[in-house]
Amino acid sequence: MQGSVNPTGQAGQTGQPANSGMGIPPMPQIDFSQFGATETVELGRIKKISGKHLHTSWLNVPHVTQFDECDITQMDQFRVDMKATAEKQGVKLTPLVFVMKAVVKALQDFPHFNASLSADGQALIKKSYYNIGIAVDTPNGLMVPVVKDVDKKGIYELSRDLMAISAKARDGKLSPADMSGGTFTISSLGGIGGTQFTPIVNVPEVAIMGLSKAKMQPVWNGTTFEPKLIMPFSVSYDHRVIDGAEGVRFTTSVGQYLTDIRQLLL
Ligand code: CAO
């Protein structure tokens, strides 16, 4: 951010001019009870903490959200084929673990997405480890535990990790270590519904993926329509670090890996 403009938009003591004189206008204080009965409920601890974090990101990061979709017909058939075997090992296979692997492969192709800006915003700190934060919906609010070293783990191990951390999150038993060291976050609403959404970057990371619900759709193959399982997804990113062309190259790459998961072996 240039200059030393304070939140009221006035010049700081450096004598530099105010940007636009706008700043952040305060929220109006309204007595809603004048319109009908109300109840005031204190926000929970987690909501207060995550709210502050989200607000920090919203105010500091110039967000762009790239929408995309991919054909996961073959991937999902493989998942269904492996489901019974996985269950025997105590693992529930969902699309999310395959997405985690595809994302890590794309992060290796596009290292700027697996980075953080230095505190002064002048340098990019690229990371050679791949720790994926997973947004988990808990009774107390949103929590983001981190699955470590996703590049080094197989699908079953990732499923086990995912089940363990989401259970820990829902039981309110996550430690600070469980929630730190993430390099990229995935927020999956695919088990619930929706077509697309714009996730907020989990700072100090520079990009986040939002997964929506896959649906069977007719896709034209040049001769006829074929039924394909199409999954919509989005990636929000920090535009100071990532350009639009790179943004769509990244989502295209994730989509290609998910459409043909054999490429994840290469
Ligand atoms: N498309 C279609 N179906 C999907 C899907 C997708 N993209 N993703 C998951 N599903 C299916 C799963 O296969 C599963 O189906 P079955 O029970 O028939 O096998 C079902 O949806 C439920 O999946 P799940 O939600 O239990 O498991 P998951 O691995 O997909 O997700 C977790 C785990 C922890 C991410 C999830 O439970 C959760 O908390 N999601 C909400 C995250 C959230 O709140 N994000 C918003 C943050 S911003 O406020």
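Worth a mention:
- Here residue 172 does not qualify as within 11 Å of the ligand (Cβ to nearest atom), part of a loop (DSSP other than H, G, I, E, B), at pLDDT below 95 and loosely packed, with under 14 Cβ neighbours inside 10 Å.
- Cβ-Cβ distances below 6 Å connect the following pairs, each with a first residue in region 130-157 that is aliphatic (A, V, I, L, M), a second residue that is in a helix (DSSP H, G or I) and within 13 Å of the ligand (Cβ to nearest atom), and a separation of six or more residues or different chains: 132/100; 136/166; 136/169; 142/50; 143/169; 147/161; 150/100; 155/97.
- Residues being touching a Lys or Arg at 6+ places or on another chain (Cβ under 9 Å) and among the small types (Gly, Ala, Ser) are represented in region 193-213 by at least one member.
- Residues of region 79-133 that are part of a loop (DSSP other than H, G, I, E, B) and among the aliphatic types (A, V, I, L, M): 91, 93, 119, 123.
- If the condition is being of a type outside the set (Val, Ile, Thr) and either in a loop (DSSP other than H, G, I, E, B) or more than 16 Å from the ligand (Cβ to nearest atom) (or both), then region 139-155 contributes 139, 140, 145, 148, 149, 151, 152, 153, 154.
Residue-by-condition table, conditions (1) crowded, with 20+ Cβ neighbours inside 10 Å; (2) of a type outside the set (Ser, Thr, Tyr); (3) modelled with pLDDT of 95 or more:
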| residue | (1), (2), (3) |
| --- | --- |
| 56 | no, no, yes |
| 63 | no, yes, yes |
| 80 | no, yes, yes |
| 100 | yes, yes, yes |
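- Within region 183-204, restricting attention to residues that are away from the ligand (no atom under 11 Å from the Cβ) and in contact with a Leu (Cβ under 8 Å, 6 or more places away or on another chain), the residue that is farthest from residue 120 (Cα to Cα) is 184.
- A residue that is over 27 Å from residue 129 (Cβ atoms) and touching a helix residue (DSSP H, G or I) at 6+ places or on another chain (Cβ under 8 Å) cannot be found anywhere in region 188-206.
- Qualifying positions in region 113-138 - away from the ligand (no atom under 16 Å from the Cβ) and among the charged types (D, E, K, R): 120, 126, 127
The values are calculated or read from the model by the stated rules, or taken from the named source; none is laboratory data. Bear in mind that the values here come from a model prediction, so they are computed numbers and not experimental data. With ideal geometry, Cβ positions are generated from the backbone for all residues, glycine too; neighbour counts draw on all protein chains shown.
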